[in-house]
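The values are calculated or read from the model by the stated rules, or taken from the named source; none is laboratory data. Not measured: the values here are computed from a predicted model. We place every Cβ from the backbone using ideal geometry, glycine too, and count neighbours over all the protein chains shown.
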Amino acid sequence: MAYFEVPPFTDKGKSVSFGGGQASGDGKAGGAEQASNSKVLMPTGPAADFKNSMTLGDGTHVAVTTVTGKKSGFTGKVWVWAPKEYSDPKFAKSGFPVLISLPGGAGYPNNYWMGTDLGLQTSISKWYHEGKSKPFILVMPVLNPQPDDKGIYWDGSDIPGQPKMGTWLTEDVPDFTRANFRTIKSRDGWAFMGSSTGGFAGLKAVLKHPDKFKAVIASGPDIVPDSPLWKGYDKEKAENNPEVLAKQLIDKKGPDVYLAFQVGTAESNKNTLPNVQKFIATYGKGPVHTSLRVIEGGQHNAKTYVPNMGEGPIQFISKVMEGPVSE
């Protein structure tokens, strides 16, 4: 009966608390003592009003709320999932790493990673227990401010005259996460994951803000900004170009970033693999650390990318990320 989402056979829409250090509604962190570990940031509040989107077999929840970004001015939905370990008492004073997960396609009004059909949440849990992955909190915001029904998208950027989607992804979404979860203060606890245009947005975010984010898994990504909305804004477009940003990072000699690419050999765009290979050959040096998983027969879709994340990419970024420490 849960298939029909008929109460009491479903808990969809019910309030969800992620507990264990959850921020209180008055903006004060509650539910756990402040962590003594200086690496940990307890929830800063105010607590969001989370509603259950779905419950997984292990009892964890994908929950959704609406966020109004104070810095971007954009209002959009954000889905979140915390692994079972997040509510384990032995981790009650530990911060958890965050993987901001961005979809391809329209990325609006839904972020397709919120669905359990692609297995991202269960895979993170499986990989953690296999020793491959950190137990990431998944934060899944909308990528674009509206559907791309006319071939329009925003490149995860602040395009002049448009909603500030770059600020939304790199400022407001992390601020929201810090308000509601036990996180890690430094960039060692912050990474992106995305496919297609979401892979581009994550790649660009890490290269543009290496002081805030340490790593990305970019699957079948674009390498350069190509939204038609950039027309007339060449300077701003260059400021959001991973090639330009990578060169600047190399010239500045850091900080170190870790870029895990994966591309299928049967991608719909035949240029994707050679473009990624060229980027790695040109910019994969100095502080720009790269890995590439070539997926034989892999297509340009999430069902190709998720299983293969466990064959190298998730290990590559997990090795350099902070994780929770048990009491």
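Could you run through segment 167-199 and say how many residues are assigned to a loop (DSSP other than H, G, I, E, B) and of a type in the set (Gly, Ala, Ser)? Give the steps one after another, and end with the answer.
From segment 167-199, those assigned to a loop (DSSP other than H, G, I, E, B) are 181-182, 185-186, 196; that's our starting set.
With of a type in the set (Gly, Ala, Ser) added as a condition, the list becomes 186, 196.
Total satisfying the criteria: 2.
Can you pull out every residue in segment 126-152 that is surrounded by fewer than 19 Cβ atoms within 10 Å (Cβ to Cβ) and part of a helix (DSSP H, G or I)?
Hits for segment 126-152 are 126, 129.
Would you please name the residue that is modelled with the lowest pLDDT, looking only at residues in segment 32-67 that are more than 17 Å from residue 137 (Cα to Cα) and among the aliphatic types (A, V, I, L, M)?
My answer is 32.
Could you tell me whether residue 109 is assigned to a loop (DSSP other than H, G, I, E, B) and either in contact with a Phe, Trp or Tyr (Cβ under 9 Å, 6 or more places away or on another chain) or in contact (Cβ under 8 Å) with a residue 40 or more places away in the chain (or both)? Spell out the reasoning first.
Details: assigned to a loop (DSSP other than H, G, I, E, B): yes; either in contact with a Phe, Trp or Tyr (Cβ under 9 Å, 6 or more places away or on another chain) or in contact (Cβ under 8 Å) with a residue 40 or more places away in the chain (or both): no.
Criteria not met by residue 109.
List pairs: first residue in segment 60-73 and farther than 26 Å from residue 11 by Cα, second residue surrounded by 12 or more Cβ atoms within 10 Å (Cβ to Cβ) and among the hydrophobic types (A, V, I, L, M, F, W, C) anywhere in the structure, Cβ distance under 9 angstrom, at least six positions apart or on different chains.
The qualifying pairs are 69/168; 69/173; 69/176; 71/168; 72/165; 72/168; 72/169; 73/168.
Residues checked against (1) touching a Ser or Thr at 6+ places or on another chain (Cβ under 9 Å); (2) closer than 22 Å to residue 281 by Cβ:
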{"position": "181", "(1), (2)": "no, no"}
{"position": "193", "(1), (2)": "yes, no"}
{"position": "214", "(1), (2)": "yes, no"}
{"position": "220", "(1), (2)": "yes, yes"}
{"position": "224", "(1), (2)": "no, yes"}
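Which one is farthest from residue 213 (Cα to Cα) among residues in segment 54-78 that are in contact with a Gly (Cβ under 9 Å, 6 or more places away or on another chain) and assigned to a strand (DSSP E or B)?
To start, the set of residues in segment 54-78 that are in contact with a Gly (Cβ under 9 Å, 6 or more places away or on another chain) comprises 54, 62, 66-69, 72, 75-76.
Imposing the further condition that a residue be assigned to a strand (DSSP E or B) reduces the set to 54, 62, 66-68, 75-76.
Working: 54: 29, 62: 23, 66: 23, 67: 21, 68: 22, 75: 23, 76: 22 Å.
So the residue we want is 54.
When residue 238 is evaluated against the numbered criteria (1) surrounded by fewer than 16 Cβ atoms within 10 Å (Cβ to Cβ); (2) touching a strand residue (DSSP E or B) at 6+ places or on another chain (Cβ under 9 Å); (3) hydrophobic (A, V, I, L, M, F, W, C), which criterion, by number, is the only one it fails?
With respect to (1) surrounded by fewer than 16 Cβ atoms within 10 Å (Cβ to Cβ); (2) touching a strand residue (DSSP E or B) at 6+ places or on another chain (Cβ under 9 Å); (3) hydrophobic (A, V, I, L, M, F, W, C), residue 238 is out only on (2).
Quick check on my filter: what residues within segment 168-217 are surrounded by fewer than 24 Cβ atoms within 10 Å (Cβ to Cβ), small (Gly, Ala, Ser) and within 23 Å of residue 290 (Cβ to Cβ)?
Residue satisfying the conditions is 186 alone.
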